[in-house]
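J.: Let me begin by handing over the structure; questions about it come next.
Here, each number is a calculation from the coordinates, and none is a lab measurement. Nothing here was measured: the structure is a model prediction, and the numbers come from that model. All Cβ positions, glycine included, derive from the backbone under ideal geometry; neighbour counts span all protein chains shown.
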């Protein structure tokens, strides 16, 4: 059990705190609590799980007070080992070439690695999907090889190109859309990861496993031209 | 059918409502009006707004009626004119209903000493909701219309106006404020007493790099003695996060749903609308 305490967040929020660390087993406990909270019928506006916290927001302070009482009554009955996840395994193509890898040089210099070594370290690991957040369909994947662990940019970029692959701390990600952000960009995937038309909305879901493989610019353009739907992506890249 | 067209966009013209909830776990922000107080005041004049409002920043739009007639109300501190079909120009007041007939063109000029203004249209804009809301997040491309509005965008409203009686909301009270009492953020302990002292004793300026996602401030840098890089966690509108350059960012309605910078403080929910109305160059103070 990692759950520690419930903390008030401003005047209309709550935080469920699961400690300072991040790991697959902490994430599995967070997701178990999340699924339990979702069915409590709280008058919340949002329930947002992440690596080691769940943030809940409310319409009013009164709603928060009532929900806090309810959560405190129910929390002892949560059994974190009872959730099951239908997870998929993905093999996702990434082009690491210079035109996409905006921060490759910074990564190489920080860790004294060649470009080929960075690519190999990044694409030789199987990643766990912790949760979806930050922006629509943005997966937090981890953990990356220890020799690639890099802090975020000092000041976030105003605009990161859509489908960029980034790394920050122990994690890697894909930006589904153009966005400001602070991750170090090392490549790009050739298709979209998010669709409002598909019931899944986000290609990756918490618990999914993802592996990357390097492709060249020509292959990138070939796949990009196909403009694949979520259903075709599931057929082609998931197992 | 009653039809009008956008003939001038002004700036940052989008469709908004009171927010899109229950999707933040998929990375979808609450969005909604930057100053929902104004929507509440407009509601008293046009109760049947169908939850579809136009929001603009600094410079308002022009709307021209090409068929039928509509009834609108403008909220915010701004000058409003209607160019009638017969070429006369009439000035209108905010929070007063305005009847627009075929050929009439409404123009809302710049907001005065504030940022955001709104237009409510009786029976709404004839839009379908997207994920149970009409709010627009232009960075994430989420919304009934998932982009800022453009010249030529045309709205068709099936229902006819219920009454042409001019209604005026006399009780509008939109407070202005530059000092904000804040709650401690989840990473308050990432900042030394000295840094916290700077945070509450210095004046911060809202910079031009500010939008519906966040207000970037400039002032005494707040350097953490622990780290400016935390495990990303859920954030709420009003959070004050500090990247490693030490310059705080107040997160607004189009929040990144989780974030990895330490949060020194969080605004009271009611103050988010007040800080949203302060134009770049405004000086603000925080009190913990």
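J.: Arrange the following residues from fewest to most other Cβ atoms within 10 Å of their Cβ: A:130, B:190, B:109. Please list the in-between numbers first.
T.: Working: A:130 28, B:190 21, B:109 14.
Fewest-to-most ranking of A:130, B:190, B:109: B:109, B:190, A:130.
J.: Now for a separate question. Give me the percent of DSSP beta bridges within the range A:89-237 that run antiparallel, rounded to the nearest 5.
T.: 75 percent
J.: By its C-alpha gyration tensor, with a ≥ b ≥ c as the square roots of the eigenvalues, how is chain B shaped: rounded for a/c under 1.5, else prolate for a/b larger than b/c, else oblate?
T.: Prolate is the answer for chain B, as a/c is 1.5 or above and a/b outweighs b/c.
J.: How many percent of Cα pairs in the range A:89-237 exceed 22 Å?
T.: Tail of P(r) above 22 Å: 33 percent of Cα pairs.
J.: As a test of the formula, what do you get for chain A when each DSSP H run with n ≥ 4 contributes -39,500 (n - 2.57) and the sum is divided by the residue count, at 222 nm and rounded to the nearest 500 deg cm²/dmol?
T.: -8000 deg cm²/dmol, from helical runs alone.
J.: Express in % the proportion of alpha carbon pairs of the range B:170-288 at distances exceeding 20 Å.
T.: Looking at the range B:170-288, the distances longer than 20 Å represent 35 percent of pairs.
J.: So, one more: In whole Å, what is the distance between the alpha-carbon centres of the range B:213-229 and the range B:258-288?
T.: Between the Cα centres of the range B:213-229 and the range B:258-288 lies a distance of 12 Å.
J.: So, one more: Among A:81, A:50, A:202, which one shows the biggest mean-square fluctuation in a GNM of chain A, springs joining Cα atoms closer than 10 Å?
T.: A:81
J.: Take the protein assembly as shown, drop everything but the C-alpha atoms, weight them equally and run the Debye formula without solvent; then report log10 I(q)/I(0) at 0.10 Å⁻¹ to two decimals.
T.: So the normalised log intensities are -0.85.
J.: Strictly greater than 19 Å: what percent of every Cα pair in the range B:2-157 meets that?
T.: 49 percent
J.: Just the number, please: percent antiparallel of the DSSP beta bridges in the protein assembly as shown, rounded to the nearest 5. Kindly include the intermediate steps, with their values, before the conclusion.
T.: Details: 96 of 106 bridges.
Just about 90 percent of them are antiparallel.
J.: Using alpha carbons only, how many degrees (0 to 90, rounded to 10) separate the axis of helix A:24-38 from the longest principal axis of chain A?
T.: 50 degrees
J.: Of B:198, B:244, B:162, which is the most mobile in a GNM of chain B whose springs link Cα atoms less than 10 angstrom apart?
T.: Of B:198, B:244, B:162, the Gaussian network model singles out B:162 as fluctuating most.
J.: A follow-up question, please. Between residue A:159 and residue A:87, what FRET efficiency comes out of the Förster formula 1/(1 + (r/R0)^6) with R0 = 35 Å and r the beta carbon distance, rounded to 0.05?
T.: Efficiency, rounded to the nearest 0.05: 0.60.
J.: Helix A:61-74 against the longest principal axis of chain A: what's the angle in degrees, Cα atoms only, rounded to the nearest 10?
T.: 90 degrees
J.: FRET efficiency for residue A:8 and residue A:200, Cβ-Cβ distance as r, R0 = 30 Å, nearest 0.05?
T.: Details: r = 34 Å, r/R0 = 1.14.
Efficiency computed from Cβ-Cβ geometry: 0.30.
J.: I would also like to ask the following. For helix B:36-45, what angle does its Cα long axis make with the longest principal axis of chain B, in degrees from 0 to 90 and rounded to 10?
T.: That works out to roughly 20 degrees.
J.: Sticking with this structure for a sec: Using the alpha-carbon centroid of each, what span in Å lies between the range B:58-111 and the range A:151-224?
T.: Result: 44 Å between the Cα centres.
J.: Which distance in Å, rounded to a whole number, links the C-alpha centroids of the range B:156-193 and the range A:36-96?
T.: Cα centroid of the range B:156-193 versus Cα centroid of the range A:36-96: 28 Å apart.
J.: For the pair residue A:218/residue A:25, report the inter-label distance in nm, with labels modelled 7 Å from Cα in the Cβ direction.
T.: 4.9 nm
J.: Using a Gaussian network model of chain A with C-alpha springs under 10 Å, which one of A:40, A:203, A:148 is most mobile by mean-square fluctuation?
T.: A:40
J.: Taking 0.36 nm per intervening residue step and subtracting the Cα-Cα distance, what contour gain separates residue B:168 from residue B:146 on full extension?
T.: That works out to 4.7 nm of additional length.
J.: Moving on. What FRET efficiency, computed as 1/(1 + (r/R0)^6) with R0 = 45 Å and r the Cβ-Cβ distance, is obtained for residue A:238 and residue A:73, rounded to the nearest 0.05? Could you put the intermediate results ahead of the total?
T.: On the way: r = 40 Å, r/R0 = 0.89.
Efficiency, rounded to the nearest 0.05: 0.65.
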